1. What whole-number value in cubic angstrom gives the convex hull volume per residue for the C-alpha atoms of the stretch 79-138?
2. If each DSSP helix of 4+ residues adds -39,500 (n - 2.57) and the sum is divided by the residues in the chain, what number results at 222 nm, nearest 500 deg cm²/dmol?
3. Got a sec? Charge dipole of the chain, +1 on Cβ for Lys and Arg, -1 for Asp and Glu; which of LEU78, ILE102, ASN131 is way out at the positive end?
4. How large is the charge dipole for the stretch 10-127, taken about the Cα centre, if only the Cβ atoms of Lys, Arg (+1) and Asp, Glu (-1) carry charge, to the nearest 20 debye?
5. Kindly report, to the nearest 10 Å², the accessible surface of MET15 as traced by a 1.4 Å probe over protein heavy atoms only.
6. Hey, got a sec? Which trypsin sites (Lys or Arg not before Pro) in the stretch 121-171 land in a DSSP loop and have at most 15 other Cβ atoms within 10 Å?
7. Hey, what D do you get for the chain in µm²/s if you plug the Kirkwood alpha-carbon radius into Stokes-Einstein at 25 °C and 0.890 mPa s?
8. Let me make sure I get this right: for the stretch 2-105, a, b and c are the square roots of the gyration tensor eigenvalues over alpha carbons, sorted descending. Under 1.5 in a/c it's rounded, otherwise prolate if a/b > b/c, else oblate. Which is it?
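The values are calculated or read from the model by the stated rules, or taken from the named source; none is laboratory data. This one's a predicted model, so the numbers in the text were calculated from it and none came from an experiment. Positions of Cβ are generated from backbone atoms using ideal geometry, with glycine treated the same way; all protein chains shown enter the neighbour counts. What goes into the accessible areas is simple: the full protein's heavy atoms, side chains included, and nothing from ligands, DNA or RNA. Shrake-Rupley method; radii C 1.70, N 1.55, O 1.52, S 1.80 Å.
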Amino acid sequence: MPETNIISSARPSLMDHVAEHGTKSAGYVKAIESDFAMLSGIDIADIAHFLCILHGRHPGVVDHAATKTADVAAREWLVAAMDGFSAERAFLTRLTVAAGPISGVRTEDQSNATVLAQRKALEMLSQSDRNGCALGASFALVLDWQAIRPLLEQVAIKLGVEPRSVALPSVDSTNLLNTELSQSSAVERAINFGADQILTQHRGLWQLLEARRNARLVE
């Protein structure tokens, strides 16, 4: 009986948690996955532009986390993630340039300010002194990018930009490192907190993008 209680109350694997609460859970993303043709050129520009604001600048979440982490195994993972996201930033920049400028949905539109505030929140999170917090944010970003990247590849094809292969740490290596570091309950809580904050910001971004699209449709 005690074993059953432990299992039933256990948190799902990090990848399952990301899938349930991250980008894939967003209604807008589900709609795009069902019918990419629903997106106008302006919608596509929004996606490229705001993702570039959130994750297209250096230093990013993973870069900040690397300055807060001394664990050898984690350092190896972070180096691979930093290299991978360096290429992803360049990819986002190319997409943003190809998509062209965004259009405000109304004169009082505060979308840029909202996403800049999200970026600031992620910067603070990834520079946290709480052991495991910055790593959890990095883990969730790498795992949730598994859902974001296919959409970016479709955007690239639509814009005539050649999609490039992604070179981020694998899901398996990320989950393995998370399991290894989560042997300490305090570190596990910090990792989960950092991961949840990333997922919250990503859901918020997709909600913003959907709201902008809906506002344009009724104008």
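1. Convex hull volume per residue, Cα atoms: 91 Å³.
2. -24500 deg cm²/dmol
3. ILE102
4. 240
5. Rounded to the nearest 10, that gives 50 Å².
6. When the trypsin sites (Lys or Arg not before Pro) of the stretch 121-171 are filtered for loop state and at most 15 Cβ neighbours within 10 Å, ARG164 remain.
7. The Stokes-Einstein estimate is 136 µm²/s.
8. Oblate shape, in that a/c is at least 1.5 and b/c is the bigger or equal ratio.
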